[in-house]
1. Can you list residues from other chains, or at least 5 along the same chain, whose modelled amide H is less than 5 Å from the amide H of His29?
2. Which entry in [x] 8.1; [y] 8.5; [z] 9.4 matches mean projected area of the Cα convex hull in nm² derived from the coordinates of this structure?
3. With a 1.4 Å probe and every protein chain kept in, tell me what percent of the accessible surface of the chain is carbon plus sulfur.
4. Could you list which residues have their amide H under 5 Å from that of Phe116, counting only those 5 or more apart in sequence or on another chain, with H placed in the peptide plane?
5. What does the accessible area per residue of the chain come to in Å², with a 1.4 Å probe and no ligands, DNA or RNA counted?
6. Using DSSP, restrict attention to beta bridges with both residues in the chain and report what percent are antiparallel, rounded to the nearest 5.
7. Please list 100-113, 4-17 highest first by mean number of surrounding beta-carbon atoms within 10 Å per residue.
8. With a cut-off of 8 Å between alpha carbons and a minimum separation of six or more residues, what is the relative contact order of the stretch 79-120 in percent?
Amino acid sequence: MGTKKFDAEDFGAFLKLLPQEKDGLRLRHALEVRNPSFACEAFYDLARRYGAAIVYAIEDTEPTWPQIDEATADFTYARLMSSREDEPTGMNGAELDQVACQVQGWANRGDVFAYFISGAKVRNPAAAQALIARLTK
């Protein structure tokens, strides 16, 4: 579990420091938090105010951090950490269908950046391809 606890004043000051553009290009920010104290309306409101996405991280075991699925930006950033080495496509068909459904829901809110990034590194490319196939049929 992350040790940095949510403090609205401190986190608001941090968000104020994030640049909105670089060399004329708009920047978007994603916040990955690990302490359960961030699972609160005050944090969601700050993220919305600054247009920062809260990283949604799915792991294959019981999560040790909050899994926050809040629309706080014009995009969703998801870290999919549940692929397994014993599964040729990283996840079984039902699991991939569930993730595809979730991704489609996020797409209704804006852009989606979803990455397979688990310890089963050899299966992550196959998991990504299987998910893409489900999303493009």
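The values are calculated or read from the model by the stated rules, or taken from the named source; none is laboratory data. The shown structure was predicted, so the numbers you read here are calculated from the model rather than taken from an experiment. Positions of Cβ are backbone-derived with ideal geometry, glycine not excepted, and every protein chain shown enters the neighbour counts. Surface areas here come from the heavy atoms of the whole protein model, side chains and all, with no ligands, DNA or RNA. Shrake-Rupley method; radii C 1.70, N 1.55, O 1.52, S 1.80 Å.
1. Close amide H contacts, sequence-distant or interchain: Ala53.
2. Comparing each candidate, only [z] matches the computed number.
3. It is 52 percent, rounded to a whole number.
4. Hits under the 5 Å cutoff: Leu80.
5. Spelled out: the 1.4 Å probe surface of the chain, per residue, equals 58 Å².
6. If we restrict to bridges inside the chain, about 15 percent are antiparallel.
7. For the peptides 100-113, 4-17, the packing ranking is 100-113, 4-17.
8. 65
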